[in-house]
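First comes the structure, then the notes that go with it.
The values are calculated or read from the model by the stated rules, or taken from the named source; none is laboratory data. Since we're looking at a predicted model, the values are computed, not measured. When we count neighbours, we look across all protein chains shown, and the Cβ atoms used for this are built from the backbone with ideal geometry, even at glycine.
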Amino acid sequence: MGTPPLLDATNVVAYLRSRGVDVAADARVTDLSDAGVSSIVFAVAGPGDDDPGVVVKRARGELAVAEPWTAPRERTLTEGHALELATRVARDWSPPLLDLDEDTLTLTMGHAPSGWQTWKELLLSNDPRPEVASRMGRLLAGWHGAAQTHPDAMAQFDQSEAFEKLRVAPYYRVAAGRNPDVRALVKDVCERMLATRSALVHGDFSPKNILVGDGSWLIDFEVAHVGDPAFDVAFLVNHLALKSIHLPRMAHGFRLAADSFLLSYGANAAGSLAEVATSQHVFQQLGCLMLARVDGKSPAEYLDREGRDRARAVAKSLLLDPVEDVSTAWRRIAASAVDSERVA
Ligand SMILES: Nc1ncnc2c1ncn2[C@@H]1O[C@H](COP(=O)(O)OP(=O)(O)O)[C@@H](O)[C@H]1O
Ligand SMILES: [Mg+2]
């Protein structure tokens, strides 16, 4: 497949109309690409004033980060199939898929109602909303369980290339390579993850991919695959943990959100998935992912030098001296602030 013509703010409306998507010829176009590194994303206003419009998305071959990083563009198809499945698993918990263009690898979905925000924006404005965390636990448990409830659809997610290129290599392998003292432990956790195929994993379960208003939507399913549920669970807790290091005065709220999320996941997950939230493996995954956001290829941009040192220390402690609950993990986060003051 050749590279399709560039999708940009000047041709996206014509493109949508050529696909039969209902947008006005003079519709307003907003570039949302800056919000993410892996895709070209545009919001296009709807034909009516009260119509929130659509979002068009096409995966980049080369990611917008400092270090060279490529991933297969077919992940847009994975995302389209996931949006279709999401409608079957839990209606209203993801945007409706309006068009999936297999020739140019472009998808079009409904835009969230006006006034909705990402959960990341709410978290950073000191409004952690434990009820959103709780809803996310329920949503994720349902999504993971699709491997059992919708087995017919799983062949579409039986792929590992995007996950390998977007997560395993840049996160686990790079971070392990840069930290010889925990290399073997990171490798063990990674191998266990790659050998587990018990859930439909989202792969980017981050607060910036959760849109919140009077309902909530999960978006950005590019890396969806059949794999290890602990990855998604730890991925979200890691965002809350890193933000607790970055914004210590809000750490308590983030801990409550992490608690609500894990509790709700455990209460709503079926069968063996229910044990995931309280397993040591989840907190070891948390250690790997924390280390990855300091020493991997996609470092958390908001951490300063001290924050990175603290995150690295907490990450290693979670690997070397495993924990099984949020309170202990957050105590280590708090202690790392005291330790770093002592060193300074
Ligand atoms: N359906 C949607 N409705 C409203 N905003 C959206 C929608 N889809 C994406 N966005 C916004 O665009 C941003 C980037 O989209 P996303 O699918 O997450 O792409 P990327 O893979 O680049 O992260 C999101 O963080 C969100 O702010
Ligand atoms: Mg995103």
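Looking for something modelled with pLDDT of 95 or more and within 15 Å of residue 40 (Cα to Cα) - is there at least one such residue anywhere in region 72-79?
The answer is yes; a qualifying residue exists.
Checking the condition within 16 Å of ligand 1 (Cβ to nearest atom), among the charged types (D, E, K, R), touching a residue at least 12 places away in the same chain (Cβ under 8 Å) and at negative phi, which residue from 259, 232, 228, 220 passes? Lay out the reasoning, then the answer.
Working: 259 fails: within 16 Å of ligand 1 (Cβ to nearest atom); 228 fails: within 16 Å of ligand 1 (Cβ to nearest atom); 220 fails: at negative phi.
Step by step, each of 259, 232, 228, 220 is checked, and only 232 is within 16 Å of ligand 1 (Cβ to nearest atom), among the charged types (D, E, K, R), touching a residue at least 12 places away in the same chain (Cβ under 8 Å) and at negative phi.
For region 129-138, indicate whether the set of residues that are surrounded by fewer than 14 Cβ atoms within 10 Å (Cβ to Cβ), modelled with pLDDT under 90 and either more than 22 Å from residue 11 (Cα to Cα) or touching a Gly at 6+ places or on another chain (Cβ under 7 Å) (or both) is non-empty. It would help to see each step written out before you state the result.
Step one: filter region 129-138 for residues surrounded by fewer than 14 Cβ atoms within 10 Å (Cβ to Cβ), giving 131.
Next cut, modelled with pLDDT under 90 only: none.
Within region 129-138, not a single residue is surrounded by fewer than 14 Cβ atoms within 10 Å (Cβ to Cβ), modelled with pLDDT under 90 and either more than 22 Å from residue 11 (Cα to Cα) or touching a Gly at 6+ places or on another chain (Cβ under 7 Å) (or both).
From the set of residues in region 258-267 that are surrounded by fewer than 21 Cβ atoms within 10 Å (Cβ to Cβ) and within 20 Å of the chain's Cα centre (by Cα), which is farthest from residue 239 (Cα to Cα)? Let's see the steps before the verdict.
To start, the set of residues in region 258-267 that are surrounded by fewer than 21 Cβ atoms within 10 Å (Cβ to Cβ) comprises 259, 263, 266-267.
Next, from what is left, pick out any that are within 20 Å of the chain's Cα centre (by Cα): 259, 263, 266.
Numbers: 259: 13, 263: 17, 266: 19 Å.
Looking at residues that are surrounded by fewer than 21 Cβ atoms within 10 Å (Cβ to Cβ) and within 20 Å of the chain's Cα centre (by Cα), I get 266.
So which residues in region 258-282 are of a type in the set (A, V, I, L, M, F, W, C) and outside any loop (DSSP other than H, G, I, E, B)? Don't jump to the end; show me each part of the working.
At the first step, the residues of region 258-282 found to be of a type in the set (A, V, I, L, M, F, W, C) are 258, 261-263, 267, 269-270, 273-274, 276-277, 282.
Answer for region 258-282, where residues must be of a type in the set (A, V, I, L, M, F, W, C) and outside any loop (DSSP other than H, G, I, E, B): 258, 261, 262, 263, 267, 273, 274, 276, 277, 282.
Determine whether residue 336 is among the polar types (S, T, N, Q) and either surrounded by fewer than 16 Cβ atoms within 10 Å (Cβ to Cβ) or under 22 Å from residue 166 (Cα atoms) (or both). Can you show your working first?
On the way: among the polar types (S, T, N, Q): yes; either surrounded by fewer than 16 Cβ atoms within 10 Å (Cβ to Cβ) or under 22 Å from residue 166 (Cα atoms) (or both): no.
No.
Go through (1) under 30 Å from residue 246 (Cβ atoms); (2) out of contact with any strand residue (DSSP E or B) (no Cβ under 8 Å at 6 or more places or on another chain) one by one and return the number of the condition residue 90 breaks.
Every condition holds for residue 90 apart from (1).
Kindly provide the set of residues from region 190-221 that are away from ligand 2 (no atom under 16 Å from the Cβ) and acidic (Asp, Glu), ordered by number. Steps first, answer last, please.
Applying the first criterion (away from ligand 2 (no atom under 16 Å from the Cβ)) to region 190-221 yields 190-200, 213-215.
Correct list: 191, 214.
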